[in-house]
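The values are calculated or read from the model by the stated rules, or taken from the named source; none is laboratory data. Owing to the predicted nature of the structure, the values given are computational and were not obtained by experimental measurement. In this analysis, Cβ positions are derived from the backbone assuming ideal geometry, glycine residues included, and neighbour counts consider all displayed protein chains.
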Amino acid sequence: MRYIFLVLVASVADAIHSVSVVSLNAYDCNAVSGVDVAFASDEKSITASFPLISLTVAPPAHGYPGGNSSVGCGATVEFEDWPTGVRFAISNVTWHTGALNLTKSNLLHSLRAKVDLVVEHETNTYPLHYPIVKNYASATLLDLDIDPALNDFQGKYELSAKNPRPYWSTCFNGYLANATKITFQLGGSSSGGGTSQPGWSMDLGLVWESCYAPNETVWGQKVIRGWESCTYRETNATAKRSKALYPML
């Protein structure tokens, strides 16, 4: 029997730790000072904050006349120590920026948010031996592009939208052999210019549910089974290959 977790036993935020961050555009969206991902204390939301990115007017280049503006950042965060017997979905998203400047000729016509989840599970963890074999599963939990139709605006701005197609994550069983990676992407664009001070973020509303799954690899929009990573001592090189691809039906 399934039910929604109103209060999670053994705080989710305390049980989840990030271990690495990989940025998609490291100049102003980097792991040191340009990406901040954190769970709320009540575990009902997670915030992906990008303090360095801003809405910036694109100059002319290679035949492009320029004049329009864009903002964007993407980063993959790897977590460990997920709690046992729970899964989550994203219910909504709220975009934030502290100082947005749109004159009458500027039109903010797009705010984008995308969240992808990848889980890699080692299948031969004990006793560990080469090759290291993993099952890989991935899915998109959120993919929204909203038209705010906003102009003649100056000041602090936020916009909220529901996720029209919530997708549940895998049912986490607490395997230490898992690598859980979540990619957060924020974007926006305007026509006719427009600027903002640095600092954009998106709050993702979460719903949690208790679950039981004896095998996490039954989940995913894309699944690769028997993915091998072999280390050769003679050359100290690593080769990777996937045996098969199984789309989930």
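Taking H121, is it under 27 Å from the mean Cα position of the chain (by Cα), at pLDDT below 95 and farther than 15 Å from D203 by Cβ? Yes; evaluated as a whole, the condition is true for this residue. Note on segment 72-113: residues that are surrounded by fewer than 18 Cβ atoms within 10 Å (Cβ to Cβ) and basic (K, R) amount to 1. Would you call A99 more than 16 Å from the chain's Cα centre (by Cα), in a strand (DSSP E or B), touching a residue at least 12 places away in the same chain (Cβ under 8 Å) and closer than 30 Å to V32 by Cα? So A99 passes the test. When restricted to residues that are surrounded by 19 or more Cβ atoms within 10 Å (Cβ to Cβ) and at pLDDT 90 or above, segment 171-182 contains 1. All of H96, H17, H109 fail the test of being at pLDDT below 90 and on the phi < 0 side of the Ramachandran plot, apart from H17. Can you tell me which residue in segment 124-156 is surrounded by the most Cβ atoms within 10 Å (Cβ to Cβ), limited to those that are in contact with a Ser or Thr (Cβ under 7 Å, 6 or more places away or on another chain) and modelled with pLDDT of 95 or more? Looking at residues that are in contact with a Ser or Thr (Cβ under 7 Å, 6 or more places away or on another chain) and modelled with pLDDT of 95 or more, I get L141. Taking residues in segment 211-234 that are at pLDDT below 70, and partners anywhere that are surrounded by 14 or more Cβ atoms within 10 Å (Cβ to Cβ) and hydroxyl-bearing (S, T, Y), the pairs with Cβ atoms closer than 6 Å and at least 6 places apart or on different chains are E216/T170.
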